[in-house]
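Student: Pasting a structure below so you can have a look.
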Amino acid sequence: MSERPQTHGQPHPGPKQYIAIASVLTAITIVEVAVYYIEALKPALVPILLLLSSVKFALVVMFYMHLKFDHGLFSALFVGGLVLAISVVVALMALFQAFLR
Amino acid sequence: MQQAGALGHTPEVEHTTTGLNHRKLLMWVFLASDCLFFGTLIATYLLYRGKSTVGPYPHEVFDIPLTSYSAFLLLMSSLTMVLALAAVQRGNAKWGRIWLLATALLGCHFLVNQGWEFSHFVTEGLTPRVNLFGATFFTLTGFHGAHVTLGVFWLTAVVVISLLRPATMSAKNSLNVELVGLYWHFVDIVWIIIFTVVYLLQPAPPLHG
Amino acid sequence: MAMITDVLRRPTGYSGVWGWVTTVDHKRIGVLYGVTAFIFFLVGGIEALLLRLQLAGPDGTVLTAAAYNQIMTMHGTTMIFLVVMPLSAAFFNVVIPLMIGARDVAFPRLNAFSYWVFLTGALLLHMSFLVGGPPDAGWFGYANLTEKPFSESGIDFWVLGLQVLGISSMAAAFNFLVTIINMRAPGMSLMRMPLFVWMTMITSFLLVTAFPVLTVGMMLLLFDRLFGTHFYAPAGGGDPVLWQQYFWLFGHPEVYILILPAMGIVSEVLPTFSRKPLFGYRVVVYSGIVIGFLGWMVWSHHMFTVGLGAVVNAVFASTTFLIAVPTGVKIFNWIATLWGGAIQLKAPLYFALGFIAMFIIGGLSGVMHASVPVDTQHQDTYFVVAHFHYVLFGGSIFGLFAGIYYWFPKVTGRLLHDGIGKLHFWLMLLGFNLTFGPMHFLGVAGMPRRIYTYPEEMGWAFWNLVETFGAFMIAASMLVFLFNFFRSLRQGEEAGNDPWDARTLEWSIPSPPPIYNFATIPTVHSRDPWWEEKEKRRGAPVPVAGGSNGEPHQDEGHGIHMPSPSYWPIVVALGLGVMAGGLLVFASVNLISGLIVTLGGGLVAIIGIFGWSLEPASAGPEHG
């Protein structure tokens, strides 16, 4: 896997795409805050907000940090660390029964 | 073959097994490792979430509009960061510097907000000592703030060094900007999580009785 | 900033003390690691002897209860963080670049930095002996023993010392990951890497992922102690079990950080001395990966008696049983490597065989502890002490000694005396089993760990006396080793390039290797490249390909540029040490003076980082 030379499958996006992504990020943030204030959405607050922030997270990592366009090894390393970190958080929360609160 | 994080040094053409740059690989391994660092801090916050026995509680002190503004500032700083990299990769060092400084200033603004928030909390009676919420909140956001501070220093250093040695901001050496960029975006995505998990998903207020 | 670099002239020489202080050569850094770690091995050993003297008979009076706790804590902390880890790091440094056909690591100055930070952390930890007494809460520092009301300033030294050591380990692990991924010689695919390189890579992955958890855990403890938070203090709603979770989340991967390098060494020694390729290379590699992976999923088996509940215990018991599978696979592969081989019984092989035998015993008692009811019986008894000494001493230390005997000629150019080496081995093996074998009996008889004395009526006196006798036998074996070491340095047999007729690339170059290692970077065609090369030469004499005895060849029109020595790594390490020291001043004197020292240290570190980044990696004429 790591033997192949560095390939740039697609060219990096340009400033226009960057600004478009920033607009999307801002829009999602506004939606997040709005959701927080809407009383009717209270029961579904956790899944909605986790989903929205995951989208923001993914957008920054894939486009601003260029993981979508870069060598697969970088993605493997980062996603590996991320998955391990999430597993640790979830496992600890399960051990301390923090989901019940 | 051997350029060890030398910011000011024109790298020789590297020959690596994977064809990837040593320093960039190092940065990604570091970020993977930092995931575990912040993961553990966030876990600490979540494990003690809603377990404070005395106030102040989150819903009493949080100022969501202010924090939303801070979150917006960091998102914008990520935009200016990536624009800086794009400019440098095009060979435009002048705009590279401008966008980098803009990023650093947005970071400073974020830190000022955080400082204001912290001091406001302390006057409200929330300190790391007073309850678990205070302890976990200040630790988590404090370490994030420390990462932002380090990032601001790094951004400034890249700009200053590029003025002393223009070659460090040539298109060929855009890696110098790319690396600080990766770090900066990482700090941003950590805030994306903190903003949601800490600020927007507050624990239910304790029942009095 | 340019002025700073101009004022301090770049060091250039390789000779004298300054040559060592400013070195960025991986071989020299490896020697520094090795010698430092061995000195701490002697320190930790003397601590162990004190403990054994105290326990030799009932109602011992050599140490007070408080002193016993302190010496016990320092013994554990020293042996793990200042002996096994840095001794492994010594082998990473000396061997990895040579094995993968590289001229140095990816970041030579970061490598020097790792060593100096390691030394700083070690000294910081030991400074506690001078100020207020060493830590006394055991090597795992369970909360709330470590909280302010229950322990003195020693814990501050322990926390900050370990934090600094963590920085060192992480920096080294980052460096070796990049080196192994990125600096292999042409043709050395992942599945052609020597086993030791594989195990180093897995160890490094474990280090960079597990250490941050401990860093956070210790930071919270420090906040409890310095700022009065209640992370682990039940009085303020905190939970002491959280510390245990964080500590073992780090601590179990750490167990594999300690043993995998030794497994790698043994996997190099066995094939060489049985004149056979490693049996089932791929399976051994995959087992290592699975061990590293499972190492992350078993941590709560250290906490079976905490009361986490039947489901949690069942889950962690299952994962712990699972980990025996890849470990067993490795042991069978090692034995199968020996099977039918033309075995040459030299000292390195003795130690490797000792490793296998002792590790099997330690592994078996480990699997016993995967069973919750058994573990509940053994918890906190000497049976557990026996178990982890069989894996850490019988495993790691025997494996590391195999490495010392194996690579000593490569580093020094002279062989350690084989006969004295075997005497060392038999004394150490016998002493080791006399010391730790009876601990199984005492543990089952109910003798608890960490007690500083026991009354005669318990009936533990006989085996305790035997253990103390064994401990002194181990000490005697170390004297034999030291004699052998110093004797061989001066009058050992000349090693030549390849004294063992070995398989991997480091034996294709002179001993000790020239500063640039390989005059021409070799091209790798198989898993045992140097054996293959020699096989080819046997047919028709082939001119030097991998190695060279002479001057460096002109390499693609350039001379070989090696990175120049540098002052900056030690400056940054010093700054870090002073910063940590500032926090200690804050803990024991007051805020202002602590702040001043911390900021001063920070300033030194920042100057160091600037000097570092503005200085070119090599002071060649055109690369300035």
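Student: Kindly identify the protein assembly as shown as rounded, prolate or oblate by the Cα gyration tensor criterion: order the square roots of the eigenvalues as a ≥ b ≥ c, call it rounded if a/c is under 1.5, otherwise compare a/b with b/c, prolate if a/b is larger, else oblate.
Tutor: Oblate.
Student: Could I ask something else about it? Ordered by packing density, taken as the mean number of other Cβ atoms within 10 Å over each peptide's residues, highest first, how do C:171-183, B:120-132, C:591-603 rank? Before the final figure, lay out the partial values.
Tutor: Numbers: C:171-183: 25.8, B:120-132: 17.2, C:591-603: 14.9.
Per-residue mean Cβ counts within 10 Å order the peptides as C:171-183, B:120-132, C:591-603.
Student: Could you work out, residue by residue across B:122-134, how many beta carbons of other chains sit within 10 Å of that residue's beta carbon, and then give the average as an integer? List each step's numbers first, then the result.
Tutor: Details: counts 0, 0, 0, 0, 0, 3, 7, 6, 4, 4, 7, 1, 3.
Per residue, the average neighbour count from other chains is 3.
Student: Using only alpha carbon pairs under 8 Å that are at least six residues apart, calculate the relative contact order of region C:563-624 and give it in whole percent. Before the final figure, lay out each step's value.
Tutor: On the way: 75 pairs, mean separation 24.8, N = 62.
Relative contact order for region C:563-624 comes out at 40 percent.
Student: What residues have an amide H closer than 5 Å to that of C:Ala106, excluding those fewer than 5 places away on the same chain, when H is modeled at 1.01 Å from N in the peptide plane?
Tutor: Distant-sequence amide H within range of C:Ala106: C:Thr179.
Student: Could you work out how far the C-alpha centroid of region C:331-363 sits from that of region C:500-531, in angstrom?
Tutor: 25 Å
Student: Ranked highest first by the average count of other Cβ atoms within 10 Å around their residues, in what order do C:94-105, C:256-267 fall? Walk me through the intermediate numbers first.
Tutor: Numbers: C:94-105: 25.6, C:256-267: 27.6.
Result, highest mean Cβ count within 10 Å first: C:256-267, C:94-105.
Student: Also: Sorted by average packing, counted as other Cβ atoms within 10 angstrom per residue and highest first, what order do C:41-52, C:292-303 take? The partial results should precede the final answer.
Tutor: Working: C:41-52: 18.7, C:292-303: 21.2.
Those peptides, ordered most packed to least, come out C:292-303, C:41-52.
Student: For C:His26, what charge total do you get from the other residues with a beta carbon under 14 Å from its beta carbon, if Lys and Arg give +1 and Asp and Glu give -1? Mind showing how you got there, number by number?
Tutor: Numbers: positive: C:Lys27, C:Arg28, C:Arg103, C:Arg109, C:Lys410; negative: C:Asp25, C:Asp104, C:Glu506.
Local charge sum for C:His26: +2.
Student: Cα gyration tensor of region C:34-549, axes a ≥ b ≥ c as square roots of the eigenvalues: rounded (a/c below 1.5), prolate (a/b > b/c) or oblate? Numbers along the way, then the final one.
Tutor: Numbers: a/c = 1.72, a/b = 1.54, b/c = 1.11.
Cα axes put region C:34-549 in the prolate bin.
Student: Return the average number of partner chain Cβ atoms within 10 angstrom of each residue Cβ along peptide B:189-200.
Tutor: Numbers: counts 10, 1, 1, 13, 5, 1, 6, 12, 5, 0, 3, 12.
That works out to 6 on average.
Student: Take peptide B:74-81, look around each residue's Cβ out to 10 angstrom, count Cβ atoms belonging to other protein chains, and average those counts.
Tutor: Values: counts 2, 10, 3, 0, 9, 10, 2, 3.
For this peptide, the per-residue mean of nearby foreign Cβ atoms is 5.
Student: How would region A:12-70 be classified by its alpha-carbon gyration tensor: rounded, prolate or oblate, with rounded meaning a/c under 1.5 and the a/b versus b/c comparison settling the rest?
Tutor: In terms of gyration-tensor shape, oblate.
Student: Please report the relative contact order for chain C, taking Cα pairs under 8 Å with a sequence separation of at least 6, and give it as a percent rounded to a whole number.
Tutor: Details: 1051 pairs, mean separation 114.4, N = 624.
Relative contact order here is 18 percent.
Student: Rounded to the nearest Å, what's the spacing between the alpha carbon centres of region C:120-165 and region C:28-87? Just the number, please.
Tutor: 15 Å
Student: Another one. Any chance you could check the Cα centroid distance between region C:364-437 and region A:47-87 for me, in angstrom?
Tutor: 43 Å
Student: Suppose every K and R has +1 on its Cβ and every D and E has -1 on its Cβ; what is the size of the dipole of region B:22-200 about the Cα centre, in Debye to the nearest 20?
Tutor: With Lys and Arg at +1 and Asp and Glu at -1, about 700 debye.
Student: With Cβ to Cβ distances under 14 Å as the rule, what net charge do the other residues near C:Gly57 carry (K, R +1; D, E -1)?
Tutor: Values: positive: C:Arg52; negative: C:Asp59, C:Glu456, C:Glu457, C:Glu467.
Counting the neighbours of C:Gly57, the net charge comes to -3.
Student: 5 Å is the cut-off here: which amide hydrogens, built 1.01 Å from N in the peptide plane, fall below it relative to C:Thr381, excluding neighbours closer than 5 in sequence?
Tutor: C:Arg449
Student: Search the structure for amide H atoms under 5 Å from the amide H of C:Arg414, placed 1.01 Å from N in the peptide plane, and list their residues when 5 or more places away or on another chain.
Tutor: Close amide H contacts, sequence-distant or interchain: C:Ala495.
Student: Explain nothing, just compute: Karplus ³J(HN,Hα) = 6.51 cos²θ - 1.76 cosθ + 1.60, θ = phi - 60°, for every residue of region C:21-31 in order, whole Hz, x for Gly and Pro.
Tutor: Each residue's phi maps through the Karplus curve to give 5, 9, 5, 10, 6, 4, 5, 5, 4, x, 5 Hz.
Student: A further question follows. Given the pairs A:Lys56/C:Lys148; A:Lys42/C:Lys148; C:Lys27/C:Lys276; B:Lys24/C:Lys27, which are separated by over 31 angstrom at their Cα positions?
Tutor: Listed pairs above 31 Å: A:Lys56/C:Lys148; A:Lys42/C:Lys148.
Student: Mind listing the phi-derived Karplus ³J(HN,Hα) values for region C:34-51, rounded to whole Hz, using 6.51, -1.76 and 1.60 with θ = phi - 60°, and x for any glycine or proline?
Tutor: x, 5, 4, 5, 5, 4, 5, 4, 5, 4, x, x, 5, 4, 4, 4, 4, 4
Student: With the contact rule set at Cα under 8 Å and sequence spacing of 6 or more, what percent relative contact order holds for region B:22-200? Please report the intermediate quantities before stating the final value.
Tutor: Numbers: 178 pairs, mean separation 60.1, N = 179.
Here the relative contact order equals 34 percent.
Student: What's the FRET efficiency of C:Ile515 with C:Phe129 using the Cβ-Cβ distance as r and R₀ = 45 Å, to the nearest 0.05?
Tutor: Numbers: r = 38 Å, r/R0 = 0.85.
Given R0 = 45 Å and the Cβ-Cβ separation, E is 0.75.
Coordinate-derived values only; no laboratory data. Bear in mind the structure is a predicted one, so any value in this text is a computation, not a measurement. When we count neighbours, we look across all protein chains shown, and the Cβ atoms used for this are built from the backbone with ideal geometry, even at glycine.
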